[in-house]
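Structure first, then comments.
The values are calculated or read from the model by the stated rules, or taken from the named source; none is laboratory data. Since we're looking at a predicted model, the values are computed, not measured. Glycine also receives a Cβ, built like all others from the backbone with ideal geometry; neighbour counts cover every protein chain displayed.
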């Protein structure tokens, strides 16, 4: 390990360790609430605390019963199915719309660029509860409340800003003369878009789509306002699970969600590195 | 050079371009190009030369006038249907495709079968001497190699017209000269017509059949390189092409196409009269630095002026001498670095001599030509 510079006094060194200690403390504060649910989800008893048996590492104190519950309880299977249906559909819609918007906004001839960008990004900034209330009244008149299309559109609107941001970032490094080159070689603008533009901005499109999916996947405010019993999603189910039937099933679900999030984060990082490599080679 | 008089291939007829509907970027461009010609559009940045190229490629619309190929207007033809090859300054190779895929793109767009494509790609890779590079990605090539791929890609679908937008601007000097030779070789071998845009006059002089010199949206002169250099049409061209000296004076009289110009300090000099020159008007006389000789020398001469020596700069193969004239303006003389190169002390006076046929008197347009950029 690197030694301290010779001019360091006792207080310098004390300060150094104090800073380190604080940093670890903050890290623990952030990560422990997430980590603690993992062992708790294997609790054999319907409690939210560690039992004597668990602390003694008695194998009988651990079980997969709450995981079994997820698979067998119809409420949970429905919620998981709904979450994936809504999440994937909303992410797809957000990715298509967001990518088109980002490509349009990247054009040097786009008028009112800042205003339009601000409007499209507003779902990220406006408090969710306000959006939810507004959507509730607006969607009612279209009969969209309590329907899958309603929730999918609402979640897509929340996901679009993420797609716009990530795609705009990849487009910033996009050389417009590649587009002209494609045209000069005889390909129509639409063909050039598919053959040249899309492959080059793909990392941004995919990571935007993943962000949109995650946004929809853990969103609960809009679901509370817009979803009927048929459209219950995982977060909604966890919410009622906490209030109505306190059992560690929600911890098992939470554990699964943690692993899903980690997998998504790793995917994002791999994509980011890949796009950097492509651009670095350019 | 295939100027066999096959008739007009490409024609610009009074083409104008305005971006804001107020000021014109290109003010009435006219040119007739024959099949197989190598035409260079040369000019400082912002002179309109790139705009002309972009209108031809179809990336910019024409404000008024017509561009036609073989007598057919292409104003209303979509850029991807014009069948014009283009080489971009930054190569514009598709980074996610291999070299072979880049070359194959225009072929597959045109519906060529895979085996035919393969044969054509191999043929053109050999043509640009990159036979073994088909499987590489553009990111794995050097600048010169990328430029060759860009050239091959612009030629592979056999367009009759290829546009080049400062294609060698990003290369270093040595590579640039090599690529100039390469482009000239391919042009002569394949016989396509080239419209080449550059601001590098050395490049223009060494490659072109004809050069159109642009300034301020207007073609100042369109002529073969030697004529442009020896017989510039106006002061801008004289200044822009190569190095030049300008001596200010007043036209005394014009006789037999020659102007007698009186210069400050009392002397009269005689020069070829440029277009639009009138007796009594102010004039600038251009003389190339290599056409000036310092007395004493073994060359014949018609004109002689006195000048004060300022500085002598050693360049290597030649030496540059700076002199000051009576009106305070400076004049440069280029002398080959041999035993005859004279030595001067500071403030010493010398005599400069030249032939009438090596100097041209232009009307003084009020301002000196601006050649920045």
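Structure notes:
- Within the range B:62-69, the presence of a residue that is at pLDDT below 90 and within 26 Å of residue A:179 (Cα to Cα) is excluded.
- Filtering the range B:273-281 for residues that are touching a residue at least 12 places away in the same chain (Cβ under 8 Å) and at positive phi leaves a non-empty set.
- Some residue of the range A:226-234 being under 27 Å from residue A:39 (Cα atoms) and either within 14 Å of chain B (Cβ to nearest Cβ) or part of a helix (DSSP H, G or I) (or both): yes
- Among the residues of the range A:144-161, none qualifies, meaning not one is touching a residue at least 12 places away in the same chain (Cβ under 8 Å) and within 14 Å of another protein chain (Cβ to nearest Cβ).
- Members of the range B:112-150 found to be more than 18 Å from residue B:175 (Cα to Cα), more than 10 Å from every other protein chain (Cβ to nearest Cβ) and part of a loop (DSSP other than H, G, I, E, B), listed by number: B:112, B:113, B:131, B:132, B:133, B:134, B:135, B:136
- Within the range B:163-176, tally of residues that are surrounded by fewer than 22 Cβ atoms within 10 Å (Cβ to Cβ), outside any loop (DSSP other than H, G, I, E, B) and touching a helix residue (DSSP H, G or I) at 6+ places or on another chain (Cβ under 8 Å): 2
- Between B:207, B:179, the distinction of being surrounded by 15 or more Cβ atoms within 10 Å (Cβ to Cβ) and touching a residue at least 40 places away in the same chain (Cβ under 8 Å) belongs to B:207 only.
- The residues listed here are B:107, B:24, B:42; of these, the one that is farther than 21 Å from residue B:190 by Cα, surrounded by 16 or more Cβ atoms within 10 Å (Cβ to Cβ) and in contact with a helix residue (DSSP H, G or I) (Cβ under 7 Å, 6 or more places away or on another chain) is B:42.
- Scan the range B:307-357 for residues that are touching a strand residue (DSSP E or B) at 6+ places or on another chain (Cβ under 7 Å) and closer than 22 Å to residue B:286 by Cβ and the total you get is 30.
- You will find that of A:173, A:204, A:104, the residue that is surrounded by fewer than 20 Cβ atoms within 10 Å (Cβ to Cβ) and at pLDDT below 90 is A:173 and no other.
- Whichever residue in the range B:94-111 is facing another protein chain (nearest Cβ under 8 Å) and not in a helix (DSSP H, G or I) and, among such residues, is nearest to residue B:157 (Cα to Cα): B:110
- Test: residue in the range B:70-84 that is more than 10 Å from chain A (Cβ to nearest Cβ), touching a helix residue (DSSP H, G or I) at 6+ places or on another chain (Cβ under 6 Å) and at pLDDT below 95: no
- Comparison of B:194, B:213, B:247, B:251 shows that the only residue that is assigned by TED's automatic domain parsing to the domain that holds residue B:154, surrounded by 19 or more Cβ atoms within 10 Å (Cβ to Cβ) and more than 13 Å from residue B:37 (Cα to Cα) is B:213.
- Residue B:87 assigned by TED's automatic domain parsing to the domain that holds residue B:225, touching a residue at least 60 places away in the same chain (Cβ under 8 Å) and crowded, with 16+ Cβ neighbours inside 10 Å: yes
- Near pairs, Cβ below 8 angstrom, 6+ apart or cross-chain, from the range A:24-36 (closer than 16 Å to residue A:254 by Cα) to any residue that is surrounded by 11 or more Cβ atoms within 10 Å (Cβ to Cβ): A:34/A:258
- Condition check for residue B:189: in a helix (DSSP H, G or I), out of contact with any strand residue (DSSP E or B) (no Cβ under 9 Å at 6 or more places or on another chain) and within 27 Å of residue A:178 (Cβ to Cβ): no
- Only one of the numbered conditions (1) touching a residue at least 24 places away in the same chain (Cβ under 8 Å); (2) exposed (fewer than 15 other Cβ atoms within 10 Å of the Cβ); (3) in a helix (DSSP H, G or I) is violated by residue A:117, and that is (2).
- Residue list for the range B:55-79, restricted to those being out of contact with any strand residue (DSSP E or B) (no Cβ under 7 Å at 6 or more places or on another chain) and crowded, with 19+ Cβ neighbours inside 10 Å: B:58, B:79
- Residue count for the range A:215-227 satisfying the condition of being surrounded by fewer than 22 Cβ atoms within 10 Å (Cβ to Cβ) and in contact (Cβ under 8 Å) with a residue 60 or more places away in the chain: 3.
- Residue that is within 12 Å of chain B (Cβ to nearest Cβ), free of Cβ contacts under 8 Å to residues at least 40 places away in the same chain, assigned to a helix (DSSP H, G or I) and surrounded by 18 or more Cβ atoms within 10 Å (Cβ to Cβ), where the choices are A:182, A:186: A:182
- Of all the criteria given as (1) within 21 Å of the chain's Cα centre (by Cα); (2) part of a loop (DSSP other than H, G, I, E, B), the one not satisfied by residue A:150 is (2).
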